[in-house]
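Derivation of every value follows stated rules applied to the coordinates shown; laboratory data play no part. Bear in mind the structure is a predicted one, so any value in this text is a computation, not a measurement. Note that each Cβ is placed from the backbone with ideal geometry, even for glycine, and that neighbours are counted across all protein chains shown.
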């Protein structure tokens, strides 16, 4: 078996706007890093509901991350929401675009027994606000 000595090359890192082609030059593809960044910046459809800190079904006012939300519904200007951490990691900043087109800057700091898959539960100050919010299809984008 003979060894072919190929010239050594150092791959150049991609910038966020670059793509590479395979060795024939015919099939452009993105690096895994680029695909992940592109997916993060895309809007994805979720089902949204709303909840309050204290309720008659066992709500304690303390989120899954240990935050006491009995006196406030925002952290650093972002609305607290509950997510499935297998879909959106806890502590992730995100934007929720509601069915009416308005947007909520949010942060994933809670979980819930019924929050599985592409579901999000938005924290509200009053029960009437939660009822008004209802159940709706929303779009969610992960903020950088």
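Extending each Cα 7 Å along its Cβ direction at residue 60 and residue 95, get the distance between those two points in nm, one decimal.
Between residue 60 and residue 95, the simple spin-label model gives 3.5 nm.
Under the classification rounded if a/c is under 1.5, otherwise prolate if a/b is larger than b/c and oblate if not, where does the stretch 43-142 fall, given a ≥ b ≥ c as square roots of the Cα gyration tensor eigenvalues? Provide the component values of the computation, followed by the final result.
Numbers: a/c = 1.42, a/b = 1.23, b/c = 1.15.
The shape class here is rounded.
What order, most packed first, do the peptides 85-92, 70-77 have when packing is the mean number of other Cβ atoms within 10 Å of each residue?
Working: 85-92: 14.5, 70-77: 12.0.
Ranking the peptides 85-92, 70-77 by packing returns 85-92, 70-77.
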